[in-house]
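Here the structure is laid out as structure tokens; the discussion comes afterwards.
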Amino acid sequence: MLAQEIIRRKSRAQRLDAAEIQSFVRGLVDRSWSEGQIAAFAMAVCLRGMGREECVALTQAMTDSGDRLDWSRAKLHGPLLDKHSTGGVGDKVSLILAPLAVACGLKVPMMSGRGLGHTGGTLDKLEALPGYTVTPRRATLVRVLREAGCAIVGANARIAPADRRLYAIRDVTATVESVPLITASILSKKLAAGLDALVMDVKVGNGAFSTEAHSADTLARSLVEVAVGSGLPTQALISDMNQVLGSTAGNAVEVREAIDFLTGAAREPRLLQLTLALAGRMLWLGGLAASPAKGEQQAMRALDDGSAAERFARMVAGLGGPANVLARGGARAAWRAWGWLGGPACFAAGFAASAALHGSLAG
């Protein structure tokens, strides 16, 4: 199929069939599509949009452009779930949620990302821990998942390679904001991760990608509908990002706050509410709770009895980080190496307070 014909059809708002979309994705990977043609296609999608079936086809084609993780021989013994956030200032939920979900019986192979715009990424935060490896060998990854139940790592280059090339071009062509392209980018990697279910945290507010409620709602619905259409049970919460989440913003101090949260030294109320809401949904989707509310109760018990903190420590040590990460003395020595000894860095100025949760969408 000619690239220019596919571009022409989409620029005229015509619906593309699965074969045309697969041709585009093949062109991304084998480089038979030039950067100019990819940019033109991305702009056409940004301006003309995509129907739900088109977006499902794009997501699945991008997933199939690389490897799919298969955990069947890993003997992990538990539902495999993950959570993904669209990002916000001070969002350290993943650091807490992964070990918390594991302490309640789930397995969490969490493929996270780096900073986007003004927000730090989960991998950036974890790399503040001396020795922590975000790109472990598969044997190490499987071992940590067996021993700790969770592993927060980065996706390797063989996972959804089509997305890597497409995103690099979107980034310089003002097409990052396209909801169908955002949806396919996020979900192609999650589908490749071999999950049983997924929970999305879609941020809204002046510290998030979606600054208005209607745009966050549109993105959340797109993510849920396309994920479910691709065979991955998914739910989304829409949460506030008009102020810093928790009490800190900055890679190292957010890790410190997450540790204090897990050990019970300090738990900021908004961060607690959102973390429990996401955990409750994960446990319900994973079949380990009768309802999201029951799941929240289970999660609170796992926080209070220290089992979530212990899982975090196992994960960090297993991936090369400090063996004494929960200990105040050992952590302080590590903080010196990070260069963060001045107390919490909180960039709350300019952010207005609002309700912690705007609502939820069932998928």
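Condition first: closer than 21 Å to Arg164 by Cα and touching a helix residue (DSSP H, G or I) at 6+ places or on another chain (Cβ under 6 Å). Now tell me which residues in region 7-23 satisfy that.
The answer is Ile7, Ala18, Glu20, Ile21, Gln22.
Do we have any residue at all in region 173-191 that's acidic (Asp, Glu), out of contact with any Gly (no Cβ under 6 Å at 6 or more places or on another chain) and either outside any loop (DSSP other than H, G, I, E, B) or open to solvent by less than 10 Å² (accessible area, probe 1.4 Å) (or both)?
Residues of region 173-191 that are acidic (Asp, Glu), as a first pass: 177.
From what is left, the residues that are out of contact with any Gly (no Cβ under 6 Å at 6 or more places or on another chain) are 177.
Then drop every residue that is not either outside any loop (DSSP other than H, G, I, E, B) or open to solvent by less than 10 Å² (accessible area, probe 1.4 Å) (or both), which leaves none.
No, region 173-191 contains no residue that is acidic (Asp, Glu), out of contact with any Gly (no Cβ under 6 Å at 6 or more places or on another chain) and either outside any loop (DSSP other than H, G, I, E, B) or open to solvent by less than 10 Å² (accessible area, probe 1.4 Å) (or both).
Please work out if Lys203 is in contact with a helix residue (DSSP H, G or I) (Cβ under 8 Å, 6 or more places away or on another chain) and either among the hydrophobic types (A, V, I, L, M, F, W, C) or open to solvent by 20 Å² or more (accessible area, probe 1.4 Å) (or both). Walk me through how you get there before you give the answer.
Values: in contact with a helix residue (DSSP H, G or I) (Cβ under 8 Å, 6 or more places away or on another chain): yes; either among the hydrophobic types (A, V, I, L, M, F, W, C) or open to solvent by 20 Å² or more (accessible area, probe 1.4 Å) (or both): no.
When the stated conditions are applied, Lys203 does not pass them.
Suppose we filter region 201-230 for residues that are assigned to a loop (DSSP other than H, G, I, E, B) and touching a residue at least 12 places away in the same chain (Cβ under 8 Å); how many remain?
Of region 201-230, the ones assigned to a loop (DSSP other than H, G, I, E, B) are 205-207, 209, 211-212, 230.
Retained after the next criterion (residues that are touching a residue at least 12 places away in the same chain (Cβ under 8 Å)): 205-207, 209, 230.
Count: 5.
Please determine, by comparing only the residues of region 156-197 that are closer than 29 Å to Pro79 by Cβ and polar (S, T, N, Q), which one is farthest from the chain's Cα centre (by Cα).
Looking at the filtered set, the residue picked out is Asn156.
If we keep just the residues of region 103-123 that are in contact with a Lys or Arg (Cβ under 7 Å, 6 or more places away or on another chain) and open to solvent by 20 Å² or more (accessible area, probe 1.4 Å), which is nearest to Gly87 (Cα to Cα)?
Met111
Quick test for you: out of Ala61, Ala74, pick the one residue that is in contact with a helix residue (DSSP H, G or I) (Cβ under 7 Å, 6 or more places away or on another chain), open to solvent by less than 40 Å² (accessible area, probe 1.4 Å) and either outside any helix (DSSP H, G or I) or among the hydroxyl-bearing types (Ser, Thr, Tyr) (or both). If you could, list the steps in order and put the result at the bottom.
On the way: Ala61 fails: either outside any helix (DSSP H, G or I) or among the hydroxyl-bearing types (Ser, Thr, Tyr) (or both).
That would be Ala74, the only listed residue that is in contact with a helix residue (DSSP H, G or I) (Cβ under 7 Å, 6 or more places away or on another chain), open to solvent by less than 40 Å² (accessible area, probe 1.4 Å) and either outside any helix (DSSP H, G or I) or among the hydroxyl-bearing types (Ser, Thr, Tyr) (or both).
Name the residue that is nearest to Ile96 (Cα to Cα), counting only residues in region 129-169 that are among the β-branched types (Val, Ile, Thr) and open to solvent by less than 50 Å² (accessible area, probe 1.4 Å). Outline the logic, then answer.
So in region 129-169, the residues among the β-branched types (Val, Ile, Thr) come out as 133-135, 140, 142, 144, 152-153, 159, 169.
With open to solvent by less than 50 Å² (accessible area, probe 1.4 Å) added as a condition, the list becomes 134, 140, 142, 144, 152-153, 159, 169.
Details: Val134: 17, Thr140: 21, Val142: 20, Val144: 17, Ile152: 11, Val153: 14, Ile159: 25, Ile169: 33 Å.
Within region 129-169, the match that is nearest to Ile96 (Cα to Cα) is Ile152.
Answer yes if at least one residue in region 134-151 is more than 30 Å from Ser34 (Cα to Cα) and assigned to a strand (DSSP E or B), and no otherwise.
There is at least one residue in region 134-151 that is more than 30 Å from Ser34 (Cα to Cα) and assigned to a strand (DSSP E or B).
Being open to solvent by less than 10 Å² (accessible area, probe 1.4 Å), in contact with a helix residue (DSSP H, G or I) (Cβ under 6 Å, 6 or more places away or on another chain) and under 14 Å from Phe312 (Cβ atoms) is true for just one of Leu100, Leu81, Leu126. Which residue is that?
Working: Leu81 fails: under 14 Å from Phe312 (Cβ atoms); Leu126 fails: in contact with a helix residue (DSSP H, G or I) (Cβ under 6 Å, 6 or more places away or on another chain).
The unique qualifying residue is Leu100.
Just to verify a result, which residue in region 77-91, among those that are under 14 Å from the mean Cα position of the chain (by Cα) and in a loop (DSSP other than H, G, I, E, B), is farthest from Lys189 (Cα to Cα)? It would help to see each step written out before you state the result.
Step one: of region 77-91, the residues under 14 Å from the mean Cα position of the chain (by Cα) are 81-88, 91.
Of the ones still in play, those that are also in a loop (DSSP other than H, G, I, E, B) are 86-87, 91.
On the way: Thr86: 14, Gly87: 16, Asp91: 20 Å.
Here the answer is Asp91.
Within region 36-58, take every residue that is aliphatic (A, V, I, L, M) and within 16 Å of Ser23 (Cβ to Cβ) and give me the one that is surrounded by the fewest Cβ atoms within 10 Å (Cβ to Cβ).
Start the filter on region 36-58 by keeping residues that are aliphatic (A, V, I, L, M), which leaves 38-40, 42-45, 47, 50, 56-58.
Restricting the remaining residues to those that are within 16 Å of Ser23 (Cβ to Cβ) gives 38, 40, 42, 44-45, 50, 57-58.
Working: Ile38: 23, Ala40: 20, Ala42: 22, Ala44: 22, Val45: 25, Met50: 26, Ala57: 25, Leu58: 28.
Filtering region 36-58 for residues that are aliphatic (A, V, I, L, M) and within 16 Å of Ser23 (Cβ to Cβ), the one surrounded by the fewest Cβ atoms within 10 Å (Cβ to Cβ) comes out as Ala40.
Taking only pairs six or more apart or across chains, which ones have beta-carbon atoms under 9 Å, a first residue in region 129-144 that is farther than 19 Å from Arg68 by Cα, and a second residue that is of a type in the set (Phe, Trp, Tyr) and modelled with pLDDT under 95?
Listed pairs, sorted by first residue: Leu129/Trp338; Pro130/Trp338.
Quick one: in region 291-319, which of the residues that are polar (S, T, N, Q) and assigned to a helix (DSSP H, G or I) is surrounded by the most Cβ atoms within 10 Å (Cβ to Cβ)? If you could, list the steps in order and put the result at the bottom.
Here is the first cut: in region 291-319, the residues polar (S, T, N, Q) are 291, 297-298, 307.
Those left that are additionally assigned to a helix (DSSP H, G or I): 297-298, 307.
On the way: Gln297: 14, Gln298: 19, Ser307: 17.
Looking at the filtered set, the residue picked out is Gln298.
Would you say Gly250 is farther than 20 Å from Ala101 by Cβ and modelled with pLDDT of 95 or more?
On the way: farther than 20 Å from Ala101 by Cβ: yes; modelled with pLDDT of 95 or more: no.
Answer is no for this residue.
The values are calculated or read from the model by the stated rules, or taken from the named source; none is laboratory data. Because the structure is a prediction, the values reported are computed rather than measured. When we count neighbours, we look across all protein chains shown, and the Cβ atoms used for this are built from the backbone with ideal geometry, even at glycine. These accessible areas exclude ligands, DNA and RNA; they are computed on the full protein's heavy atoms, side chains included. Shrake-Rupley method; radii C 1.70, N 1.55, O 1.52, S 1.80 Å.
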